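Contents: one structure, followed by commentary.
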Amino acid sequence: MFSHVMVGSNDIARSRKFYDATFAALGGKPGIEDDKGRLIYMNNGGLFLVSKPIDGEPACHANGGTIGFAVSGPEQADAWHKAGVENGGEPIEDAPGVRSAGFGDLYLAYLRDPDGNKLCAMHRMGA
């Protein structure tokens, strides 16, 4: 359904440090920078991009918005979370762990990136 996700950043170098580390924990490669200064991460046919806002205004996070990354299991979620915290991310909500939902148990880990974007690593238990 989705082709890409893009978030804004006020400091591309700071974002590169954070996202290179968190995507490495998921088995991804470092981001590449295009001629407009945007970071591009490619994995499994999808794109995740980080850019200074085109309108010149400061980047800000979406209140109520969350970007979720599928992970292979609790260990990968924990590695992603640890890499994020060690590279400028902020742990939020409950500590990483299993949460029950109406459609099954999920292992979730939440962070805010250095610009305040809310991120989640998610694994469907038993999947």
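The values are calculated or read from the model by the stated rules, or taken from the named source; none is laboratory data. From a predicted model like this one, the values you see are computed outputs, not experimental measurements. With ideal geometry, Cβ positions are generated from the backbone for all residues, glycine too; neighbour counts draw on all protein chains shown. Remember, those area values only see protein heavy atoms, side chains included, never the ligands or the DNA or RNA. Shrake-Rupley method; radii C 1.70, N 1.55, O 1.52, S 1.80 Å.
Within region 52-71, the residues that satisfy the criterion of being in contact with a Lys or Arg (Cβ under 7 Å, 6 or more places away or on another chain) and either surrounded by fewer than 13 Cβ atoms within 10 Å (Cβ to Cβ) or hydroxyl-bearing (S, T, Y) (or both) are G65, T66. Here E93 meets the list (1) within 14 Å of D113 (Cα to Cα); (2) more than 14 Å from the chain's Cα centre (by Cα); (3) outside any loop (DSSP other than H, G, I, E, B) almost entirely, failing just condition (3). Here region 83-127 is the region considered, the condition is being among the acidic types (D, E) and more than 16 Å from A70 (Cβ to Cβ), and the residue that is surrounded by the most Cβ atoms within 10 Å (Cβ to Cβ) is D113.
For every residue, the table says whether it meets (1) in a loop (DSSP other than H, G, I, E, B); (2) closer than 22 Å to G116 by Cβ.
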site	(1), (2)
R16	no, yes
G27	yes, no
P53	yes, yes
A59	yes, yes
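Please work out if D35 is farther than 24 Å from D11 by Cβ, surrounded by fewer than 18 Cβ atoms within 10 Å (Cβ to Cβ) and free of Cβ contacts under 8 Å to residues at least 40 places away in the same chain. The answer is no for D35.
On inspection, E75 does not qualify as open to solvent by 80 Å² or more (accessible area, probe 1.4 Å), out of contact with any Pro (no Cβ under 7 Å at 6 or more places or on another chain) and in contact (Cβ under 8 Å) with a residue 60 or more places away in the chain.
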